[in-house]
Structures are given as structure tokens and as C-alpha cells.
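The values are calculated or read from the model by the stated rules, or taken from the named source; none is laboratory data. Worth saying up front: this structure is predicted, and the values here are computed from it rather than measured. When we count neighbours, we look across all protein chains shown, and the Cβ atoms used for this are built from the backbone with ideal geometry, even at glycine. Surface areas here come from the heavy atoms of the whole protein model, side chains and all, with no ligands, DNA or RNA. Shrake-Rupley method; radii C 1.70, N 1.55, O 1.52, S 1.80 Å.
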Amino acid sequence: MKMRKRINGIILFAGTIVVSSIFVTGYYRHNTAKREIVQAAVVEGNVKQDTNNSAKSNISLTEFINKELTLDKNAYDAGTIQDFLSKNIKINDGKKIVFLTFDDGPSTTVTPKVLEVLKKNDIRATFFIVGKELEKNSRAKQILLDTYKQGNSIGNHTYTHIYNNLYPGGKVDVDKFMAELDKNNDAIRKVLGQDFKSRIVRFPGGHMSWKGVDEADKRFNDIGYKYIDWNGIVGDAEGKPKSKEQLLNTYRQTFKNQQKLVLLMHDTYGKENTAEVLPDIIADLKNKGYEFKILE
Ligand SMILES: [Zn+2]
């Protein structure tokens, strides 16, 4: 009986070693393959159109956020700005910083004009992309590529932007919302490369506007997404197209010497005057001593 037990023990021990070594070898192989894929993606650059889904990067968004996020000199930590806007957590770096943000694009009519103004001023902005707009035509895709190559930051503004899908009854449908973010990510990656990742999200209509955000916040936390609302507008969101003067007036009304100003604008169809008025706004902010940064 004792002998039997010992033999059983030995068999179990030997078995464990065999299984472990198979597992370790497999894991090692898997990781090597993973590294090769990542290296290949780096060599090819971010801008190549991806036609091969099997070459998908294996770094998860969470890993990317925790380990790989190194902000360049034009970027500012989106998490700090999320907390500043949503929880009013003060930032005491004494710096006046503005984040120009453009939603609902890309459009073939307005986005190129915005890009031109940014380039002329040697500044960068943050663009919250709607996948449905991106996939309308190949020109829109090229414009996203231009936007990205110019050093601007790319964020997620859901795939459809349709309030009834995302917020039935004014309440966030978390599963649908997250699925739309994924679908939008896929659309963006088809253009910028499978290695592209962004952790910044803007809720259509703003995080501040909807019920049931707690569950979304939890999911965001798990993944590492940061949501960015705003504290300044030009008033180009809804209704009839506004004149340059109307846009400037609204900008001036909502400008309250915010130490960190997140300015909401739109670069979708019909927002030509936003691009027209942009040079004046930039000049005003430069005069006031603001630095221009992007959110990452
Ligand atoms: Zn929007």
C-alpha cells in the first residue's frame, strides 16, 4: 500500500515535469513569435495599410498603456486631463496649456483645411475619429493618414456616433458602446496599421451628458481608456452653420483663463467656418501665452 502510494507519487511528479516543460517551451515559442510580429510591425512602420489579419499585433491595449506609453514632447497625459475635467482635480504645474480637439471627422472638406492651419502654425491637435466617416471613401482614409503623419493625436469617438444606439433612453448601453469603440479601433487600424493604439476616447455628446456611466467607467479602468470631455467651445456642434463672428463670440464667452483648456471643435462636413476661424483662435491663445499640446 505504502509502495503503491510512493510509485503513484513518482508518476505524478514525473508527469508534472513533462507537462510543465511542454508548457514552458510552448510559451517561449509563442513569445518569440510575438516579438517577431511586433518587430516586423515596427520595421514596416505604422502607416502601411494592413491586408493581412494574421499579422495583428499581440500587445493588448492594457499592456501598451502600462508599459509602452511614452509621451512625446508635444503630448500630455490624458489621465491627468480626464481627472481635471471630470473630478476637478487641480494640476499645479503652473503651465497654460491648450488642447485643440476636433470631433466627428475625418471629412474631405474641412479636415484638410484644419491640417493646413495647424501645419502653418507648427502646432498639433487631437482628432476624435468616427469610423463611419472614415470608411465613407478612400480620400477620408488618406486624410486620416495625413492627420496622423503630421504628428496629431488620434482618439476614438465611436463607430456610428448615433445617440440612440449608444445611449438608449439617455443611458449608456455599455456593451454596445464598447463594441462601437472596438469596431472604430479596427477601422482606424486598417488605415494606420495594426500596431496603432490609442487610449483616448470622447463620448459623443460628452461623458458628462449621460446616465449610467459608472459601468462604462469600470470597463474603461480595466482597459486603460481615458475619456476626454471639454471646458471650452466655439459653438460649432449643432444647428445651422455659424458665422465666423458667432464662433469667435462663443469661444470668447467660454474662455475663462482655463489653465488647461480643452477646446471642442468639429472638422466634419459643414464646419468650414471652424477651419476659417481657427487661425484667429490660435493667434489669440498664442498671445495669451498658451502652449499647444496633444492628448495621449
Ligand atoms: Zn461628436
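Some values worked out for this structure:
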quantity: Residue match in the stretch 126-133 (condition: part of a loop (DSSP other than H, G, I, E, B), in the same structural domain as ARG199 (by TED's automatic domain parsing) and either open to solvent by less than 10 Å² (accessible area, probe 1.4 Å) or in contact (Cβ under 8 Å) with a residue 40 or more places away in the chain (or both)); calculated: yes
quantity: Number of positions in the stretch 177-218 that are small (Gly, Ala, Ser), more than 16 Å from the ligand (Cβ to nearest atom) and open to solvent by 20 Å² or more (accessible area, probe 1.4 Å); calculated: 2
quantity: Complete set of residues in the stretch 66-80 that are farther than 15 Å from ARG124 by Cβ and either modelled with pLDDT under 95 or of a type outside the set (Ser, Thr, Tyr) (or both); calculated: ASN66, LYS67, GLU68, LEU69, THR70, ASP77, GLY79
quantity: Cβ-Cβ under 8 Å pairs, at least 6 apart or on other chains, the stretch 65-80 side open to solvent by 70 Å² or more (accessible area, probe 1.4 Å), far side outside any helix (DSSP H, G or I) and at pLDDT below 80; calculated: GLU68/ILE59
quantity: Options LYS244, LYS286; residue that is among the basic types (Lys, Arg) and more than 27 Å from the chain's Cα centre (by Cα); calculated: LYS244
